[in-house]
Amino acid sequence: MNKVILVGKAAAGKDHMRKILSGRGFQYGISYTTRPPREGEIDGKDYHFLGLQKFKSYIEEDKFIEWEEVYAGNFYGTLKTEIERIWKERRNVIFDMDVKGGIYLKKYFGDKALAIFVKVPSI
């Protein structure tokens, strides 16, 4: 198993779980997005930040393994080359994404990926 997909809604704890696993043989598959960086986010570490036109050109060139318009005008996706880069380093890839993206990746990889749904704990 060299692919783990952490799936869940925003603030469910996916990012925290990903950071724990990242030091244990897993490498984060950094997503691309058209939204602006939030305070403290670093391009190339948290996300790769792209303009809308560049993102759409990547869609047309079939460079994404998955992509989605998550919020109006804000696209997110994972480049095929990002996954290939991690595999070349002989590391396991871990994804942190919303439900739609996670479902797509699970269908794409099938039994070769483990999908973990992270649910927000109740009060």
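The values are calculated or read from the model by the stated rules, or taken from the named source; none is laboratory data. Fair warning: this is a prediction, and the values are worked out from it, not measured in the lab. Each accessible area value is taken on the protein alone, full model and side chains, heavy atoms only, with ligands, DNA and RNA left out. Shrake-Rupley method; radii C 1.70, N 1.55, O 1.52, S 1.80 Å.
For region 4-120, the solvent-accessible area of protein heavy atoms averages 60 Å² per residue (probe radius 1.4 Å; ligands and nucleic acids excluded). Taking the chain as a Gaussian network, where each spring joins two C-alpha atoms under 10 Å apart, which residue of Leu105, Leu79, Leu21 fluctuates the most? For the chain, modelled as a Gaussian network with Cα springs under 10 Å, the answer is Leu21. With just the Cα atoms defining each centre, how far is region 83-123 from region 46-62? Give it in Å. With region 83-123 and region 46-62 each reduced to a Cα centre, they are spaced 20 Å. Amide H contacts of Ile116: Ile5, Leu6, Val7, each under 5 Å away and 5 or more positions distant or on a separate chain (H built 1.01 Å from N in the peptide plane; Pro and chain starts excluded). Annotation: the antiparallel percentage among DSSP beta bridges lying fully within the chain is about 35.
Once you sort the root eigenvalues of the Cα gyration tensor of region 66-123 as a ≥ b ≥ c, which label holds: rounded (a/c under 1.5), prolate (a/b larger than b/c) or oblate (the other case)? Oblate is the answer for region 66-123, as a/c is 1.5 or above yet b/c matches or exceeds a/b.
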